[in-house]
Amino acid sequence: MINYLMSMLTQIFSGHLGNLEYAAASLGNNGVQTFAYGLMLGMGSAVETLCGQAYGAHRYGMLGIYLQRSAILLTLTGVLLTIIYIFSKPILLLLGEAPDIASEAAIFIYGLIPQIFAYAANFPIQKFLQAQSIVAPSAYISFGTLAFHVLFSWLATYKLGLGLLGSSLVLSVSWWIVVVGQFIYIVKSERCKKTWAGFNMEAFHGLWSFFRLSVASAVMLCLETWYIQILVLLAGLLDHPEVALDSLSVCTTISGWVFMISVGFNAAASVRVGNELGAGHPKTAAFSVLVVNCLSTICAIIAAIIVLALRHVISYIFTEGETVADAVSELTPYLAVSLVLNGIQPVLSGVAVGCGWQTFVAYVNVGCYYLIGIPLGALFGFYFKYGAKGIWIGIISGVFLQTLILLWTTFRTDWNKEVEIAQKRLATWDDQKQPLLNDDK
């Protein structure tokens, strides 16, 4: 959550430079940057499935190998993403964004290039630690980095006059501090002694099979992460795009803050379910799903009530102007519904990762988000002239349908069968044969 907060603080600092800068930073942060974030996080979730189940099965030595394989593949992916970042301006113009916003957004994005490779190391490291229920060190490191980030963002943006480029460069440096801090912990900590035996050439074996597994995971999470960002890009094509982008960006930022709470529950669900399946405890896995869902939903409902109570003033945290404040106020009821849905859906996605259902969920995401959500958002936003509200209706529609499908699937799950599948998967992977996700859901 703190890592996400750093990104949002960067956006807020940029917003106080002016509405154009805020729209540009929002487009860069919520559009192009999230494209990379979703891809890297998605590919990293393959480590989450394998490490969680391997740790539960007491196959500790494989965790470090999984981490290294994933980091190698994500670094290679980062090279390709760098090309997209470099050509972000013509890409944004090709998508129909306003020239002034596209130019400023490109400046912001150039400073995020080092962040790509921090992602490549950070996500495998995070999944490696989470699989062992090691969470506090990452939180402490991130919290300390947050203080650095706030101070140096303020200096770069305002005192040194580096503007958008300065703020995004500081964000990249902050992510690398988190990566280095976590890696030092892994090397020095007694808690990782069984799971980290140092760098091993075995990490280069079976990379193609691991790549296939990572791609299945990436498709699931990328389709989900990119969904809202595509709708934000659509907002740039509306009449008065600055107001539409600003209001939607404020709402997606608030949604993102609350979503990070659910992401914590997502990780808890994934780790606990993976551990219990690997250990052969089906009833405990099923009970974990129920408990985590209840806690996450309660938190989301509380957040929705707070947002509704502050609907007329909440936008001033991010940017100035009554026009944007009024637009955000109109979107807030839709935002509240999204917050409640986001209290349920991420936990179910975590269960899917813990079980290895990524391929199944990828198909669900295609149908719910891209065949229903985005077309509905475009229909209400442009044809029916609902503007930003219409686009948010599309967001809600896709998430609601996906949540219903995942609830039904989880309810019907045979947990004894999932234990058998987990054991087979681990045996297959340890032999370095082609790993298969559970595609028969």
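Placing unit charges on each Cβ (+1 for Lys and Arg, -1 for Asp and Glu) gives the stretch 211-349 a dipole about its Cα centre, and among Ser214, Val328, Ile254 the Cα reaching farthest toward its positive end belongs to Ser214.
Each label point was placed 7 Å from the Cα along the Cα-to-Cβ direction; for Gln423 and Tyr140 their separation is 3.9 nm. Computed from point charges on the beta carbon alone (+1 for Lys and Arg, -1 for Asp and Glu), the dipole magnitude for the chain about its Cα centre is near 1240 Debye.
Taking the Cβ of Val328 as the centre, find all other residues whose Cβ is under 15 Å away and add up their charges (Lys, Arg: +1; Asp, Glu: -1). Result for the local shell: -4.
Evaluating kT/(6 pi eta Rh) at 10 °C and 1.306 mPa s, with the Kirkwood radius of the stretch 267-390 over Cα pairs in the Stokes-Einstein relation, gives 94 µm² s⁻¹. Labels on offer are (i) 59, 46, 37; (ii) 76, 59, 39; (iii) 69, 48, 40, and the one holding Cα extents along the principal axes in Å computed from this structure is (i).
Here the simple spin-label model places points 7 Å from the Cα toward Cβ, and for Asp326 and Asp414 these points are separated by 6.0 nm.
Averaged per residue, the chain has 40 square angstrom of accessible surface, using a 1.4 angstrom probe with ligands and nucleic acids left out. On the principal axes of its alpha-carbon atoms, the stretch 359-421 has extents of 52, 17, 11 Å, going from largest to smallest. Shown here is the pair-distance distribution of the stretch 217-288: with all Cα-Cα distances grouped in 10 Å bins from zero up to the longest one, the shares run 17, 31, 26, 15, 9, 2 percent.
Hey, what D do you get for the stretch 146-189 in µm²/s if you plug the Kirkwood alpha-carbon radius into Stokes-Einstein at 20 °C and 1.002 mPa s? Please report the intermediate quantities before stating the final value.
Values: Rh = 11.1 Å.
Rounded, D is 193 µm²/s.
Residue separation of Leu80 and Lys283 scaled by 0.36 nm, minus their Cα-Cα distance, works out to 68.8 nm of gained length. Projected label points at Tyr370 and Leu404, each 7 Å from Cα along the beta carbon direction, are separated by 2.2 nanometres.
For the stretch 150-167, the Karplus equation 6.51 cos²θ - 1.76 cosθ + 1.60, evaluated at θ = phi - 60°, returns couplings of 4, 4, 6, 5, 4, 5, 5, 7, 9, 7, 8, x, 7, x, 5, 4, x, 5 Hz by residue, with Gly and Pro reported as x.
Per residue of the chain, the DSSP helices (runs of n ≥ 4 H) give a summed -39500 (n - 2.57) that works out to -26000 deg cm²/dmol at 222 nm. Counting Lys and Arg as +1 and Asp and Glu as -1 over every other residue whose Cβ lies under 14 Å from the Cβ of Leu41, the net charge comes to -1. As a rough guide to protection, the peptides 83-89, 62-68 ranked by mean Cβ packing within 10 Å, highest first, stand as 62-68, 83-89.
Sorted by mean Cβ packing within 10 Å, highest first, what order do the peptides 211-221, 293-303 take?
The densest-packed peptide leads the list: 211-221, 293-303.
If you run the Gaussian network model on the chain, springs between alpha carbon atoms under 10 Å, then out of Gln53, Gln358, Gln126 the most flexible one is Gln126.
Note on the chain: with neighbouring protein chains present and a 1.4 Å probe, carbon and sulfur make up 71 percent of its accessible heavy-atom surface.
The values are calculated or read from the model by the stated rules, or taken from the named source; none is laboratory data. No experiment lies behind these values; they were computed from the predicted model shown. Every residue, glycine among them, receives a Cβ derived from its backbone with ideal geometry; neighbour counts consider all protein chains shown. Quick note on the areas: whole protein, heavy atoms, side chains included, nothing else; ligands and nucleic acids left out. Shrake-Rupley method; radii C 1.70, N 1.55, O 1.52, S 1.80 Å.
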